[in-house]
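Each remark here refers to the structure printed beneath this line.
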Amino acid sequence: MRAFYHRPRSLCRNLSLSALALVLAGSSVARAQTCLAASDLDPATKTALLATAQTYFDAVARGDSATLRQNAIASLAADFSGIETAIHDNQDRLGGTQAVPRAPFLLEAQGTTNLERAEFLCGVFGANGQTADSAVFVIPNLPPGNYGVVTQDINTAKGPSTISYILQQQAGAWKLGGLYIKSSQAGGHDGNWFADRARAFKAKGQNHNAWFCYLEARELLVPVSFMSTAVTDKLYDESETVKPADLPPVDLAANGKTLKLTAMFPLAVASDFDLVVKYESASVANAALTYQDNVAVIKALVAKYPELRQVFDGVIARAVEPSGRDYGSMLLVKDVK
């Protein structure tokens, strides 16, 4: 199984599922993957999943990464630095908290080789797709096996959060295959607030602001980015009606150059809500010159889309060279002249 981990929530990935996944229910691919929701699980399996997640939560809360590593699948145990960092960075807000479990899911992946794109349709689906109690999970490069997905809600001094565990059944035990620690708010607001704001911007014709708020709403309303629900599917459909035609990849004139933007997405950092823009750079070796390009990109972007001032506290430009190495700079929107 691919090793899963999630550092403390700091960036919002544009990975929400397309509603088109729902049509695969009757395909041969879908029959190779089945999902049992909590109501379909036998009591022993349900109890085991919840008990295992609670044991792992206790280890997370006390900062015991060694115990988690001992109980992880081999591929994750071999590269455990992400889990250790997540536990360390969240220690101050998770210690002394109580975990309230949500209904678990059991994912069964059949076959003899890794599934390039494993899709699991969980719960009851209606004529229009998902229902209030359903979920869809899409996991790439998944080896055959049985996997549990357990999410816990935690109320911390810094706001509500979730911890999600991907558990793989091995030799009768549920081993840790992934850990996701995620805030349920961005800038003090939850996903429903961002959805309402997206609709308000849509009504004003401010499609860029609406699009980014829809992205953030969908990100906040699921505990893991490879999950979708009836609510996030609806938001996906709404967001497609405002999707700007000039999203990356797109060229931007800045600092006397034409730079290719490769990504734009919202980023929540503490109480701030920022926009990240990535662009191609031949080299980031010269920090001074790259900083000038970054500042120019930020100014050009805000000048081109002044509506962004109404949503974001700051803009972060990251120059990315072919090697993958990058260099980032941030400006507060109020300081962009």
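Here, each number is a calculation from the coordinates, and none is a lab measurement. This is a predicted model, so every value here is computed, not measured. Cβ placement follows ideal geometry from the backbone for every residue including glycine, while neighbour counts extend to all protein chains displayed.
Past 22 Å, Cα to Cα: identify those pairs from 304/337; 204/257; 46/234; 278/299; 278/304, in the order given. Mind showing how you got there, number by number?
On the way: 304/337 12 Å; 204/257 32 Å; 46/234 29 Å; 278/299 14 Å; 278/304 16 Å.
Over 22 Å Cα-Cα: 204/257; 46/234.
How many percent of Cα pairs in region 34-187 exceed 21 Å?
Details: 5583 of 11781 pairs.
Of all Cα-Cα pairs in region 34-187, 47 percent lie more than 21 Å apart.
Mind ranking 142-155, 62-75 by how tightly packed they are, going by the mean number of other C-beta atoms within 10 angstrom, highest first?
Taking the mean over residues of other Cβ atoms within 10 Å, the ranking is 142-155, 62-75.
What ³J(HN,Hα) values, in whole Hz, does the Karplus curve 6.51 cos²θ - 1.76 cosθ + 1.60 give for region 195-212 when θ = phi - 60°, with x put for Gly and Pro?
Each residue's phi maps through the Karplus curve to give 5, 4, 5, 4, 5, 5, 5, 4, 5, 8, x, 8, 5, 5, 4, 4, 4, 5 Hz.
In percent, what relative contact order does region 191-240 have, based on Cα pairs under 8 Å that are 6 or more apart in sequence?
Details: 46 pairs, mean separation 18.3, N = 50.
Relative contact order for region 191-240 comes out at 37 percent.
Under the definition of Cα pairs under 8 Å and six or more residues apart, what whole-number percent is the relative contact order of the chain? Intermediate values should be presented prior to the final figure.
On the way: 691 pairs, mean separation 56.2, N = 337.
Relative contact order comes out at 17 percent.
Using θ = phi - 60° and the Karplus form 6.51 cos²θ - 1.76 cosθ + 1.60, what ³J(HN,Hα) does each residue of region 102-116 get, whole Hz, x for Gly and Pro?
Once θ is set to phi - 60°, the couplings for region 102-116 become 8, 5, x, 10, 10, 9, 10, 9, 9, x, 10, 10, 4, 8, 4 Hz.
Take the alpha carbon atoms of region 250-335, find their radius of gyration, then divide it by 2.2 N^0.38 Å using N residues; give the quotient.
Numbers: Rg = 12.1 Å, N = 86, 2.2 N^0.38 = 12.0 Å.
So the Cα radius of gyration is 1.02 times the expected 2.2 N^0.38 Å.
So for region 191-240, what are the equivalent ellipsoid semi-axes in whole Å, largest first, each being the square root of 5 times an eigenvalue of the Cα gyration tensor?
Rounded to whole Å, the semi-axes are 19, 9, 8.
In whole angstrom, note down how far apart the Cα centers of region 218-252 and region 70-95 are.
29 Å
Please work out, to two decimal places, the log10 of the ratio I(q)/I(0) at q = 0.14, 0.30, 0.32 Å⁻¹ from a Debye calculation in which every Cα of region 264-303 carries one identical scatterer.
Here log10 of I(q) over I(0) equals -0.39, -1.03, -1.06.
Only bridges whose two residues both fall in region 250-335 count here: according to DSSP, what percent of them are antiparallel, nearest 5? Show your work: numbers first, answer last.
Details: 20 of 27 bridges.
Approximately 75 percent, going by the DSSP bridge assignments.
Once both axes come from the Cα atoms, what is the angle between helix 287-304 and the longest principal axis of the chain, in degrees from 0 to 90, rounded to 10?
Taking the Cα atoms of the chain, the angle to 287-304 is about 90 degrees.
From the phi angles alone, apply the Karplus equation (6.51, -1.76, 1.60; θ = phi - 60°) to region 33-42 and give each ³J(HN,Hα) in whole Hz, x where the residue is Gly or Pro.
Once θ is set to phi - 60°, the couplings for region 33-42 become 10, 10, 9, 10, 7, 4, 5, 9, 7, 6 Hz.
Quick one: which residues, 5+ away or cross-chain, put their amide H under 5 Å from the amide H of residue 62? H built at 1.01 Å from N.
Here nothing satisfies the definition.
The list (1) 64, 47, 40; (2) 60, 46, 42; (3) 76, 45, 45 gives values of Cα extents along the principal axes in Å, and only one came from this structure; which label was calculated from it?
Calculated Cα extents along the principal axes in Å: the matching label is (1).
Cα centroids of region 105-144 and region 287-337: how far apart, whole angstrom?
With region 105-144 and region 287-337 each reduced to a Cα centre, they are spaced 38 Å.
Would you pull out the residues with amide H under 5 Å of residue 170's amide H, same chain only if 5 or more places away, H placed 1.01 Å from N?
Here the answer is 175, since their amide H atoms fall under 5 Å of that of residue 170.
How much of the DSSP bridge set in the chain is antiparallel, in percent, rounded to the nearest 5?
Values: 64 of 75 bridges.
Expressed as a percentage, antiparallel bridges in the chain total about 85.
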